[in-house]
1. Please compute the modelled spin-label separation between residue 272 and residue 165, points set 7 Å along Cα→Cβ, answer in nm with one decimal.
2. Go from 0 up to the bin containing the longest alpha carbon distance in the stretch 60-184, width 10 Å each, and give me the % of pairs per bin.
3. Between residue 377 and residue 306, how many nm apart are label points set 7 Å from Cα along the C-beta direction?
4. Looking at the square roots a ≥ b ≥ c of the eigenvalues of the Cα gyration tensor of the stretch 140-199, which shape do they give, rounded for a/c under 1.5, prolate if a/b is larger than b/c, or oblate?
5. Label the stretch 258-309 by shape, choosing from rounded, prolate and oblate, from the square roots a ≥ b ≥ c of the eigenvalues of the Cα gyration tensor; if a/c is under 1.5 it is rounded, and otherwise prolate applies when a/b is larger than b/c, oblate when it is not.
6. Could you check the spin-label model distance between residue 77 and residue 222? Points 7 Å from the Cα along Cα→Cβ, value in nm.
7. Expressed in nm to one decimal, what extension gain is obtained for the pair residue 386 and residue 38 from 0.36 nm per residue of sequence separation less their Cα-Cα distance?
8. Find the eigenvalues of the gyration tensor of the Cα atoms of the stretch 33-116, then list the square roots of 5 times those eigenvalues as equivalent ellipsoid semi-axes, largest first, in whole angstrom.
């Protein structure tokens, strides 16, 4: 657990508040994104092209914002950047709420994506600033759990009052997202106020971040270990996160012949598993090296895709297999989330920690956006075996890359 408030680690309360803010921010994500395509394409009558464009522009906004927000985090106060990003996301939700035309709706979706992903580098840097080394992995894990719970609560709440038969049927959803993001801004402001009196080492780090970003990025490209972390990140993102909301449900509906309720149950099991196992996984992995942990995540992905490929041979058990594997995927997620950002921060030059974290967020976003396209081509072309085989191969690549990273980190100098 996090240190007690009366502990000499003065980052305890700011870290707790940051987790709360992260959860509040992702309530908006869950409230909107699951219904956005149908709402734009059918409810508002703008057609499937506009529905797809709105969803794509969210990802494009995320891709644009992540590296920019990372650089700003290195040059300005991270709390201010986080507040700005969450405010931008709130403006995006309000824009979708009042949009009368398709283009205004799509632009608002782009703004929403910018704000949601633009907040990620700042949150990661604030975890580094507001926690000690021994607590960082736990706080990263709790932040991930908070975001998962926030997203699930948002989706659950929105599902109770959304009405896709009426143009005003998502008014409450957009309003809820806006209020949650507004509350997140207030919580971050309070956390930043509590964290004002930081140690001299933190002030030195802030001063160090003013070096030229371009020269620092050249140093990053020269760090072999970071390059291998990037390969692991891309592989794990492609093999699961990119297919969570598109490819996996499509494969289950079309080739495992499950119903829509099973898809929702799988997502619920995924979130429940993350919440239930987070404390156990943290305790087991607290003092483990990151390389073997990432190898384990890749191994879990390999297991899941292997069983998904075999599931059509057992039609009676296919729904149970699908739901169970969403829970198994979640075990890997609970390991991956607290390992990645601390590892990137450890390997990055101190002057560009925010920039590096932003670059990795952009990597994850980019390849997550590619996932639906891959699923559409392979599943639309009635090539389910190729779909499963591709992701199985990507998962094996992640295992091999994590093994190479572990070997590299074990060397005395791994630059």
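Coordinate-derived values only; no laboratory data. All values derive from a computational prediction rather than experimental measurement. Because the Cβ atoms are built from the backbone with ideal geometry, glycine has one as well, and the counts that use them run over all protein chains shown.
1. Placing both labels 7 Å along Cα→Cβ, they lie 3.0 nm apart.
2. Final binned percentages: 13, 37, 34, 13, 3, 0.
3. Roughly 2.7 nm, to one decimal.
4. Numbers: a/c = 5.95, a/b = 2.14, b/c = 2.78.
Verdict is oblate for the stretch 140-199.
5. oblate
6. Going by the 7 Å Cα→Cβ label model, 3.4 nm.
7. 122.5 nm
8. Semi-axes from the Cα gyration tensor: 27, 12, 8 Å.
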